[in-house]
1. Cα gyration tensor of segment 366-418, axes a ≥ b ≥ c as square roots of the eigenvalues: rounded (a/c below 1.5), prolate (a/b > b/c) or oblate?
2. Fewest to most neighbouring Cβ within 10 Å: what's the order for CYS236, CYS138?
3. Calculate the spin-label point distance for HIS258 paired with GLN28, positioning each point 7 Å from the Cα along the beta-carbon direction, and give it in nanometres.
4. State, to one decimal in nm, how far the label point of LYS324 lies from the label point of LEU152, with both points 7 Å from Cα in the Cβ direction.
5. Can you tell me, using C-alpha contacts under 8 Å and at least 6 residues apart, the relative contact order of segment 239-330 as a whole percent?
6. Quick one: which of 10-22, 162-174, 354-366 comes out on top by average Cβ neighbours within 10 Å, and what's the full order, highest first?
7. Rounded, prolate or oblate: which one fits segment 86-228, using the alpha carbon gyration tensor with axes a ≥ b ≥ c (rounded when a/c is under 1.5, else prolate when a/b beats b/c, else oblate)?
8. How much length, in nm to one decimal, is gained on full extension between LYS297 and THR244, taken as 0.36 nm per residue of separation minus their Cα-Cα distance?
Amino acid sequence: MYSAQIEAQLKKLGIKIGDIISVQKGGQAFEGMLMPRPDAGDTGSLVIKLSTGYNAGVRMEGSKIKKIKDGGASFEKKQAQKNSYFAGEKGSHITLLSTGGTIASRIDYKTGAVDPQIDAKSLVGAYPSLKEFEPIKCNSIFSILSEDMSPLHWEKIAQAIKNEFDGGAQGVVIAHGTDTMGYTAAALSYSLENLPAPVVLTGAQRSPDRASSDAPQNIFCSMAAARANFAQVCICMHASTSDTLNHLHIGTRVRKAHTSGRWAFKSIGTRPLGEVNPKGGEVKLNSSAIARDMKRKINLKNKFSSNVHLAWIYPGINSKTVEKWAEYDGVVLAGTGLGHAPIDAANPNSKASILPALRSLVDSGIPVAMAPQCGEGRVIHGTYSTGTYLANAGIIGNGADWLAETCYVKMCWALGQEKDAKKIKEIMLRPMHGDITSFSLIGEE
Ligand code: GLU
């Protein structure tokens, strides 16, 4: 993947990897096939295969690009064929899609650091225990660290999953970096309406070339989950330090809550959707699981805004900061306590208050939502006058028990579906895919 900015520009010009393009820069013209960015390449430079066979990298700033000839569709088809791997009958298969992250990384001996370089096919080939899940189809969508994911990547992953179900997959596993896996899980939950079968995201905290890697167990348990009788987006990761159990966490209620532990993933404000025993792969689901039904066809809603701001409220935040958010299409606040911000409730129009600045964002048509920065519990805008002022200013979220990152993803998604502020508000507050729970499991008021 190129940088989000280049990807957006290519999309606008209708240019795909594999197309023949011309790039003009500083009086020089280059013509050739647009190549995928090499894993370790500069995200801000286009790579073009020239007619000489050499690749040229051209920095994008100040370049003019034009499409000369289509070639993208056949290139994608060739790539897909190269990546596919079946052992058995198509139509009864599970698909493993790889996107990068530690699970698809190995040590790069040039730098001593780990790098995402393993494709989906090699991942499956490395673990003989996966044989029992054959037929398995493999495909690598991209090979990046998940901190580099953007809403454009979510759109592509959602499309790839729909293609897999349309092609007969009985379940889909996504290998993904752990850092932003929760965001992608929420994005896929919203994008894939009417899901027929499980979509299971998994990752690893230790790369597969280390003896202590959690990758083999996480992939094994995810494959078992992908065959199970449910039809939701979830994350499947170690439940504890030991290798005795994996948890399945619902896609809208899951957070990476530890930087390095293999038990890092936690369901927040709800119980895990289920668990998988790594010895034998037995899957136990809780009663809220939605049963699979292969007759369902996915209604793909994978448009996201890339112009939403997620802001952490902190002591000392001021109006000058808030005023800068006017350039966004939507704003999500992770507020203190019950969903608060410094608005000087005794004198809400004072200099110290950010209320007037928040109010003018809302009045200009920018939806602003509030989620709690506390790990658990709901936004309550009625207990303190701070909350009442925020609610009266039109801040969305009173009563919602939701995760700030899910709220952010939902705002990106809502703005991808609708432009009308009233409808955005209605979408944001509509409970979907378990994102807004009707009770808080811990610390219920
Ligand atoms: N930061 C990288 C990522 O999220 C590696 C971490 C991981 O996969 O565990 O992709």
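Read-outs: derived from the displayed coordinates by stated rules, not from any lab. Remember, predicted model here, so these are calculated numbers, not experimental data. Please note: Cβ atoms are built from the backbone with ideal geometry, for glycine as well, and neighbour counts cover all protein chains shown.
1. Judged from the Cα gyration tensor, segment 366-418 comes out oblate (a/c at least 1.5, b/c at or above a/b).
2. CYS138, CYS236
3. 5.1 nm
4. For the pair LYS324/LEU152, the computed spacing is 2.3 nm.
5. 20 percent
6. 162-174, 354-366, 10-22
7. oblate
8. Full extension from LYS297 to THR244 adds 15.5 nm.
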